[in-house]
Amino acid sequence: MASRVALVTGGTRGIGRAISIALKDAGRKVIANYAGNDDAAKAFEAETGIATAKFDVGDFAAVSEVVQKITADTGPIEILVNNAGITRDGTLHKMDEGQWDAVIQTNLGSCFNTCRAVIDGMRARSFGRIVNVGSINGQMGQYGQVNYAAAKSGIHGFTKALAQEGAGKGITVNAIAPGYVDTDMVRAVPPNVLEKIIARIPMGRLGRAEDIARGVMFLTADDADFITGSTLSINGGQHMY
């Protein structure tokens with residue numbers, strides 16, 4: 001069905017933007033979530049024709065309310081892409097509780113919030129495609145990112161467990177682990193540090209948001225029904241295991 005409804009969290013910028021556009025181009029009815037930049041969201045809507053929804057993915061009640069509204073107004077969500085994420089970097093001995101809580105709740109707690117809001121409907125219809133965006137740093141760790149690495153590593157475990165629960169109901173649950181992708185977040189890294197990062201990527205470049213979007217398209221296809229519990233690493237060969 002080309003008209004399946006897809007919700008993409010963090011879907012108006014960077015990797016999420018590319019995912020939202022790719023899904024729309026494939027004929028999906030896409031709703032792109034965003035957290036707070038109304039002007040950017042309006043510009044995104046005007047440019048792409050993709051509907052947006054402003055809510056805090058870390059707020060269980062807010063997520064449930066929006067999912068119910070989308071279901072009533074647009075149709076049941078059959079494709080969910082958990083892409084929203086933030087960083088609050090710092091070494092552990094300098095990290096405060098707020099930095100830890102914000103990253104865990106936004107990056108990992110959001111996966112529970114959104115999946116819990118859609119899973120009953122997916123089970124009832126015996127169809128669902130869930131893709132959770134992890135990270136290379138959730139696979140191999142990163143200095144100054146104990147909060148981010150823990151959240152992203154948690155996403156990979158969450159994915160494998162939920163995949164087992166959904167398999168008998170036609171629901172696939174997979175993760176994508178991007179490497180360093182050319183987004184605002186990565187470009188904020190000091191140039192001398194970024195040069196060292198790129199030097200460790202065998203492909204010799206940063207990833208592109210579209211590289212990740214292609215992976216999402218593959219995993220959310222109707223006929224990708226025998227792929228579940230997998231983590232697709234898209235990192236230019238920087239980390240292989």
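The values are calculated or read from the model by the stated rules, or taken from the named source; none is laboratory data. The structure displayed is predicted, hence computed values, not measured ones. Reconstructed Cβ throughout: ideal geometry from the backbone, glycine too, with neighbour counts over all protein chains shown.
Residue by residue, here is whether (1) in contact (Cβ under 8 Å) with a residue 12 or more places away in the chain; (2) in a helix (DSSP H, G or I); (3) of a type in the set (S, T, N, Q) holds:
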| site | (1), (2), (3) |
| --- | --- |
| Asp89 | yes, no, no |
| Asp101 | no, yes, no |
| Thr114 | yes, yes, yes |
| Gly144 | yes, no, no |
Per the list (1) more than 16 Å from the chain's Cα centre (by Cα); (2) over 30 Å from Ala199 (Cβ atoms), residue check on Gly144 breaks on (2)
Select, from Ile50, Ile21, the only residue that is in contact with a Phe, Trp or Tyr (Cβ under 8 Å, 6 or more places away or on another chain) and modelled with pLDDT of 95 or more. Ile50
Of the listed residues (Ala84, Ala41, Ala53, Ala62), the one being among the hydrophobic types (A, V, I, L, M, F, W, C), surrounded by 14 or more Cβ atoms within 10 Å (Cβ to Cβ) and within 14 Å of the chain's Cα centre (by Cα) is Ala84
Only one of (1) without any contact (Cβ under 8 Å) to a residue 12 or more places away in the chain; (2) closer than 21 Å to Met140 by Cα fails for Val186. Which number is that? (1)
With Gly121, Gly157, Gly138 as the choices, which residue is more than 21 Å from Gly90 (Cβ to Cβ), free of Cβ contacts under 8 Å to residues at least 40 places away in the same chain and assigned to a helix (DSSP H, G or I)? Gly157
Please verify whether the stretch 24-31 includes one or more residues that are over 20 Å from Ala72 (Cα atoms), buried (at least 20 other Cβ atoms within 10 Å of the Cβ), in contact with a helix residue (DSSP H, G or I) (Cβ under 7 Å, 6 or more places away or on another chain) and of a type outside the set (S, T, N, Q). no
